[in-house]
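Asker: Below: one structure in structure tokens.
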Amino acid sequence: MTGTAIVVGGSIGGLFAAAALSAKGWQVRVYERSPVELAGRGAGIVTHEKLISALEQVSASTRNLGVSLTERVAFDKAGNVVHRMHLPQIVTSWDRVYQVLRQTLPNGAYQQGRSVVRFDDRGDSVRVELDDGMRDEADLLVGADGFRSAIRGQMLPDVTPQYSGYVVWRALVREADFPEDLRNTVFPHFGFFLPRGTQIIAYPIAGPDNDLRPGHRRYNIVWYSRVDPADLPGMLTDTAGTQHTLTIPPPKVRDDVLDAMKAEAERDLPRLFVRILDSSERPFFTPIYDHQSPVMAQGRVALSGDAACVARPHVGMGVTKAADDALALADNVSAQGVKDGLMAYSAERVPASGEAHHLARELGAQIFYEGAADENRDGRDHPVRDWVMKTTAVYPGGHRHRPDPVSGQVLVPCRTPCSRA
């Protein structure tokens, strides 16, 4: 069974939904509000077997997908290696995944600079209104428009993102600019700094245009830093005095906010990571939010990817979760029709998304918890270091037994939001 579908949001989640439906024979139109081609500023993505399989199922190329890593390495505050773990993985970039998905869509299916502002589920079809006053109609509407989703806002107005209490700073360093004395010991690995109260993960990714040649790659830094909720509005205010909601465009982050970040880095981070940050392009930050929709479909309208549920980036599951949503959505509506298929889709994907959502909160709890401020600042004696290193950015296989963040004792799986996160 096939039909017509409108996908709202042309980022990776929307592209996966469109590609999965197209592969089943659906006629798909994608509306992306940005008037220019999207780019992820080189943000890194850790792949999983599930993600690679999903790309292959929608006929997206997995050739030269990214950088192959074999080892995870933890450093202490002095820059010494305190733990090594063998864990092969391919790390890629947001831009690369976007490009290979974009190439799966037929000409004309992807329309930029067009924003859907509301929808009307008419029972036998669903109609959308765009910001230019135009209307469109299809058998199925997919809201894949991110964690600030307009489609979710109309469908589930009570589900709103909740600030976690910390932000993630991101930065990229060209391999050619990487400190020479650290290229052999730091650059080739998936690196960690695991004290209490902050955390860094970092790894190499391809250079611009998926350049995988040694010397032309980049190093991706991800640094989690606590920010009091009262201080966040100030950080989200740009030089013109405009306070942005939820997040701020990277070029608009003020210089004094960057200066404060650099002072914090000097105080809390290993010198080797401070030096790497000093060699980077302009860093930017994103506040970390939580939300999980109790249902992912109503009538002829579905939510997919971050529009339905955000898993904090610790699990490295945002893209893979969106891919799983897309494949399940396409399979169910093609087999059972739109309304029955969407009921089955929601029943399948709500608990699966919840697993990633709660695991990510548990990983956040290992960084930030009451009493963490003065403990293990040197990053040597984290009580659950092995669990964090083998769970971060690794596809979850069922609910994992979580360790207590204070004692390290293994507890029962967490199925409810963690109070310490």
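The values are calculated or read from the model by the stated rules, or taken from the named source; none is laboratory data. Source: prediction; values computed, not measured. Reconstructed Cβ throughout: ideal geometry from the backbone, glycine too, with neighbour counts over all protein chains shown.
Asker: Does Gln112 satisfy the criteria of being exposed (fewer than 14 other Cβ atoms within 10 Å of the Cβ), within 30 Å of Arg174 (Cβ to Cβ) and either among the hydroxyl-bearing types (Ser, Thr, Tyr) or in contact (Cβ under 8 Å) with a residue 12 or more places away in the chain (or both)? If you could, list the steps in order and put the result at the bottom.
Answerer: Details: exposed (fewer than 14 other Cβ atoms within 10 Å of the Cβ): no; within 30 Å of Arg174 (Cβ to Cβ): yes; either among the hydroxyl-bearing types (Ser, Thr, Tyr) or in contact (Cβ under 8 Å) with a residue 12 or more places away in the chain (or both): yes.
Criteria not met by Gln112.
Asker: Give the residue, chosen from Gly191, Gly234, Gly215, that is small (Gly, Ala, Ser) and surrounded by 20 or more Cβ atoms within 10 Å (Cβ to Cβ).
Answerer: Only one candidate qualifies: Gly191.
Asker: Can you tell me how many residues within region 199-212 are more than 16 Å from Val394 (Cβ to Cβ) and crowded, with 23+ Cβ neighbours inside 10 Å?
Answerer: The number of residues fulfilling the criteria is 5.
Asker: Which one of these is touching a helix residue (DSSP H, G or I) at 6+ places or on another chain (Cβ under 8 Å), crowded, with 22+ Cβ neighbours inside 10 Å, touching a residue at least 12 places away in the same chain (Cβ under 8 Å) and within 22 Å of Tyr203 (Cα to Cα): Arg349, Arg312, Arg275?
Answerer: Matching residue, one of Arg349, Arg312, Arg275: Arg312.
Asker: Return yes when Val67 is surrounded by 16 or more Cβ atoms within 10 Å (Cβ to Cβ), under 20 Å from Leu172 (Cα atoms) and at pLDDT below 95 and no when it is not.
Answerer: Here the answer is no, as Val67 does not meet what is asked.
Asker: Hey, another quick one. Do you know which residues across region 278-311 are part of a loop (DSSP other than H, G, I, E, B) and under 14 Å from Gly153 (Cβ atoms)?
Answerer: Ser293, Ala308
Asker: In this structure, is Thr160 within 26 Å of Gly379 (Cα to Cα), surrounded by fewer than 19 Cβ atoms within 10 Å (Cβ to Cβ), of a type in the set (Val, Ile, Thr) and at pLDDT below 95?
Answerer: Details: within 26 Å of Gly379 (Cα to Cα): no; surrounded by fewer than 19 Cβ atoms within 10 Å (Cβ to Cβ): yes; of a type in the set (Val, Ile, Thr): yes; at pLDDT below 95: yes.
It is false that Thr160 is within 26 Å of Gly379 (Cα to Cα), surrounded by fewer than 19 Cβ atoms within 10 Å (Cβ to Cβ), of a type in the set (Val, Ile, Thr) and at pLDDT below 95.
Asker: Consider only pairs whose beta carbons are under 7 Å apart and that are at least six residues apart or on different chains; among these, list those whose first residue lies in region 5-30 and is in contact (Cβ under 8 Å) with a residue 24 or more places away in the chain and whose second residue is among the polar types (S, T, N, Q) and crowded, with 24+ Cβ neighbours inside 10 Å.
Answerer: Final answer for the pair search is Gly13/Ser304; Ala17/Ser304.
Here is a yes/no grid of residues against (1) part of a helix (DSSP H, G or I); (2) more than 17 Å from Pro283 (Cα to Cα); (3) without any contact (Cβ under 8 Å) to a residue 12 or more places away in the chain:
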| residue | (1), (2), (3) |
| --- | --- |
| Asp209 | yes, yes, yes |
| Pro214 | no, yes, no |
| Asn220 | no, no, no |
| Tyr224 | no, no, no |
| Pro229 | no, yes, no |
| Leu246 | no, yes, no |
| Val257 | yes, no, no |
| Lys262 | yes, no, no |
| Ala265 | yes, no, no |
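Asker: Based on this model, can you work out whether Gly397 counts as modelled with pLDDT under 85 and under 28 Å from Ala18 (Cα atoms)?
Answerer: Criteria met by Gly397.
Asker: Among the residues of region 90-110, how many are in a strand (DSSP E or B) and either among the aliphatic types (A, V, I, L, M) or modelled with pLDDT under 95 (or both)?
Answerer: Qualifying residue count, region 90-110: 4.
Asker: Out of all the residues in region 160-173, is one or more over 19 Å from Ala17 (Cα atoms), among the charged types (D, E, K, R) and without any contact (Cβ under 8 Å) to a residue 60 or more places away in the chain?
Answerer: Checked against the condition, which is being over 19 Å from Ala17 (Cα atoms), among the charged types (D, E, K, R) and without any contact (Cβ under 8 Å) to a residue 60 or more places away in the chain, region 160-173 yields no hits at all.
For every residue, the table says whether it meets (1) out of contact with any helix residue (DSSP H, G or I) (no Cβ under 7 Å at 6 or more places or on another chain); (2) closer than 30 Å to Arg196 by Cα.
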residue: Pro88; (1), (2): yes, yes
residue: Asp95; (1), (2): yes, no
residue: Leu101; (1), (2): no, no
residue: Ser115; (1), (2): yes, no
residue: Val128; (1), (2): yes, no
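Asker: Having 2 or more residues that are over 27 Å from Pro287 (Cα atoms) is the bar; report the strands (runs of 3 or more DSSP E) wholly within region 118-195 that clear it.
Answerer: 126-130, 135-138, 140-143
Asker: Here's a follow-up. In the list Gly153, Gly143, Gly241, which residue meets the criterion of being out of contact with any Asp or Glu (no Cβ under 9 Å at 6 or more places or on another chain) and touching a residue at least 12 places away in the same chain (Cβ under 8 Å)?
Answerer: Gly143
Asker: Let me ask another. Just checking, how many residues over region 164-220 are of a type in the set (S, T, N, Q) and over 22 Å from Gly66 (Cβ atoms)?
Answerer: Looking only at that region, the number is 3.
Asker: What is the number of the single condition among (1) free of Cβ contacts under 8 Å to residues at least 12 places away in the same chain; (2) under 15 Å from the mean Cα position of the chain (by Cα) that Ile288 does not meet?
Answerer: Here Ile288 clears every test but (1).
Asker: For region 207-231, which positions are under 18 Å from Ala260 (Cα atoms), out of contact with any strand residue (DSSP E or B) (no Cβ under 6 Å at 6 or more places or on another chain) and of a type in the set (A, V, I, L, M, F, W, C)?
Answerer: Within region 207-231, Ala230 is the sole residue that qualifies.
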